[in-house]
Number of protein chains: 2
Amino acid sequence: MRTFVLLARKARTDDKFSLDDLPSSGGRMDVVARCISSALFISHAMRKDVVFYAVLCGPPNSPVTLKIISSELAGVRPDERSIGGQIKSALSGPVSKDWEEKQQGIYVSTKSFQEIIRELKDNSIYVLHEKGEPIEQTIPDPDPVFVLGDQVGMPANDEAFVMRYAKKKLSLGSTPYLASSVINVLHWIADRNGL
Amino acid sequence: MRTFVLLARKARTDDKFSLDDLPSSGGRMDVVARCISSALFISHAMRKDVVFYAVLCGPPNSPVTLKIISSELAGVRPDERSIGGQIKSALSGPVSKDWEEKQQGIYVSTKSFQEIIRELKDNSIYVLHEKGEPIEQTIPDPDPVFVLGDQVGMPANDEAFVMRYAKKKLSLGSTPYLASSVINVLHWIADRNGL
């Protein structure tokens with residue numbers, strides 16, 4: 001199992017965004033959709049071993065966390081608009097603390113980033129960070145949890161919190177990649193190492 | 001300079017597709033848009049050293065090739081819809097054999113895949129192929145040209161043609177990745193090796 005946690009600091013937390021403008025109306029919901037696509041899809045198929053968390057921290061109800069379990073999904077396509085539509089449906093209606101399945105394989109909760117990290121603390125957690133250890137010097141443990149910031153980055157208190165539980169910070173180098181690109185590289189490295 | 005050539009066998013060759021449905025109406029134009037986004041963007045910035053060719057081979061006027069020069073682009077965002085809109089504008093109106101700049105940094109021509117390869121033949125060409133040499137055993141030459149098929153794959157005659165000029169086939173392994181994921185991994189490898 002590979003788990004990704006994306007902290008999306010501006011992403012809208014209800015369904016009042018337009019599929020015609022994911023970047024502005026959705027608080028960079030295009031980033032979230034692209035990361036989900038990168039995490040779930042290979043050519044002509046979906047990976048069966050991925051859990052993806054997107055912690056949405058934009059208006060009006062921050063935080064809301066989406067949890068996507070790839071093995072349970074149906075009818076999802078890799079394009080951003082299609083995934084944006086799934087997110088929009090999942091965010092309609094009230095959200096409570098307990099995980100609720102809103103679409104097949106897509107769960108929502110008002111859990112915060114720190115609550116999600118606490119749920120995952122028994123796994124090997126790696127925080128992607130420009131100043132981390134070069135990933136080519138570290139083969140992650142099996143069943144890794146990769147924690148990523150978005151285009152805004154991770155607040156200092158959340159970073160300090162996750163580092164209490166994380167095995168280490170990992171870096172892909174000095175280039176500041178899109179979060180979706182980072183996910184693609186992580187999958188490739190994990191595939192090569194049979195994780 | 002890094003050059004990517006994507007053969008998009010079903011992608012529409014005029015502007016009669018809907019931004020609300022890039023996958024169906026555009027003949028998987030979402031794949032093309034996603035590859036362009038992966039090729040051009042890092043976080044908060046555009047790479048300045050990328051040329052991207054998309055050889056579109058769908059109806060009604062196959063082939064039409066898009067040539068995108070990252071250093072000349074302006075006002076492009078990384079989301080699929082925005083890039084789809086740029087493609088749509090570039091495909092409006094007649095297209096001739098000579099390169100014509102339709103949007104800033106976006107050129108179109110009726111050149112075929114084989115004509116593009118012939119234009120690039122003095123560079124080090126690498127064809128991404130599942131049965132190629134493992135990429136971790138090969139550091140590409142500087143200024144590489146990476147040639148990729150789309151979700152349909154490359155016709156045998158085009159593959160035979162490009163192999164006349166290519167240095168070798170490279171493989172990212174046995175997992176059949178999305179073309180956009182392949183581009184992300186190639187950029188990462190090229191960045192690490194200072195290409």
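The values are calculated or read from the model by the stated rules, or taken from the named source; none is laboratory data. Computed from a predicted model, the values in this text were never measured in an experiment. Counting neighbours? That spans all protein chains shown, and the Cβs are built from the backbone with ideal geometry, glycine included. These area figures cover heavy atoms from the full protein model, side chains too; ligands, DNA and RNA do not enter into them. Shrake-Rupley method; radii C 1.70, N 1.55, O 1.52, S 1.80 Å.
Does any residue of region B:63-76 turn out to be within 14 Å of another protein chain (Cβ to nearest Cβ) and under 30 Å from A:SER18 (Cα atoms)? Working first, answer last.
Step one: of region B:63-76, the residues within 14 Å of another protein chain (Cβ to nearest Cβ) are B:75-76.
Okay, now just the ones that are also under 30 Å from A:SER18 (Cα atoms), so B:75-76.
Taking every residue of region B:63-76 in turn, at least one turns out to be within 14 Å of another protein chain (Cβ to nearest Cβ) and under 30 Å from A:SER18 (Cα atoms).
Is it fair to say A:ALA39 is out of contact with any Lys or Arg (no Cβ under 6 Å at 6 or more places or on another chain), without any contact (Cβ under 8 Å) to a residue 60 or more places away in the chain, within 14 Å of chain B (Cβ to nearest Cβ) and open to solvent by less than 10 Å² (accessible area, probe 1.4 Å)? Lay out the reasoning, then the answer.
Working: out of contact with any Lys or Arg (no Cβ under 6 Å at 6 or more places or on another chain): yes; without any contact (Cβ under 8 Å) to a residue 60 or more places away in the chain: no; within 14 Å of chain B (Cβ to nearest Cβ): yes; open to solvent by less than 10 Å² (accessible area, probe 1.4 Å): yes.
Here the answer is no, as A:ALA39 does not meet what is asked.
Residue check: is B:ARG34 of a type in the set (D, E, K, R) and either farther than 26 Å from B:ALA156 by Cα or over 17 Å from the mean Cα position of the chain (by Cα) (or both)? Let's see the steps before the verdict.
Values: of a type in the set (D, E, K, R): yes; either farther than 26 Å from B:ALA156 by Cα or over 17 Å from the mean Cα position of the chain (by Cα) (or both): no.
No.
Name, by its number, the condition in (1) within 12 Å of chain A (Cβ to nearest Cβ); (2) surrounded by 15 or more Cβ atoms within 10 Å (Cβ to Cβ); (3) in contact with a helix residue (DSSP H, G or I) (Cβ under 8 Å, 6 or more places away or on another chain); (4) not in a strand (DSSP E or B) that does not hold for B:ASP158.
B:ASP158 satisfies every listed condition except (1).
Would you mind finding the one in B:ASP150, B:ASP98, B:ASP122, B:ASP141 that is open to solvent by 10 Å² or more (accessible area, probe 1.4 Å) and in contact (Cβ under 8 Å) with a residue 60 or more places away in the chain? Can you show your working first?
Working: B:ASP98 fails: in contact (Cβ under 8 Å) with a residue 60 or more places away in the chain; B:ASP122 fails: in contact (Cβ under 8 Å) with a residue 60 or more places away in the chain; B:ASP141 fails: in contact (Cβ under 8 Å) with a residue 60 or more places away in the chain.
Answer to the selection: B:ASP150.
I'd like to verify a number: residues in region B:161-195 that are of a type in the set (Val, Ile, Thr) and away from chain A (no Cβ under 12 Å), how many? Reasoning before the result, please.
Step one: list which residues in region B:161-195 are of a type in the set (Val, Ile, Thr), which gives B:162, B:175, B:182-183, B:185, B:189.
From what's left, away from chain A (no Cβ under 12 Å): B:162.
Number satisfying all stated conditions: 1.
How many residues are of a type in the set (Val, Ile, Thr) and in contact (Cβ under 8 Å) with a residue 60 or more places away in the chain when one looks only at region A:42-69? Please lay out each step first, then the result.
Restricting attention to region A:42-69, the residues satisfying the condition of being of a type in the set (Val, Ile, Thr) are A:42, A:50-51, A:55, A:64-65, A:68-69.
Next, only the ones that are in contact (Cβ under 8 Å) with a residue 60 or more places away in the chain stay: A:55.
So the count comes out to 1.
Could you say which residue among B:VAL95, B:VAL31, B:VAL108 is touching a strand residue (DSSP E or B) at 6+ places or on another chain (Cβ under 9 Å) and assigned to a helix (DSSP H, G or I)?
Details: B:VAL95 fails: assigned to a helix (DSSP H, G or I); B:VAL108 fails: assigned to a helix (DSSP H, G or I).
Of the residues listed, the single one that is touching a strand residue (DSSP E or B) at 6+ places or on another chain (Cβ under 9 Å) and assigned to a helix (DSSP H, G or I) is B:VAL31.
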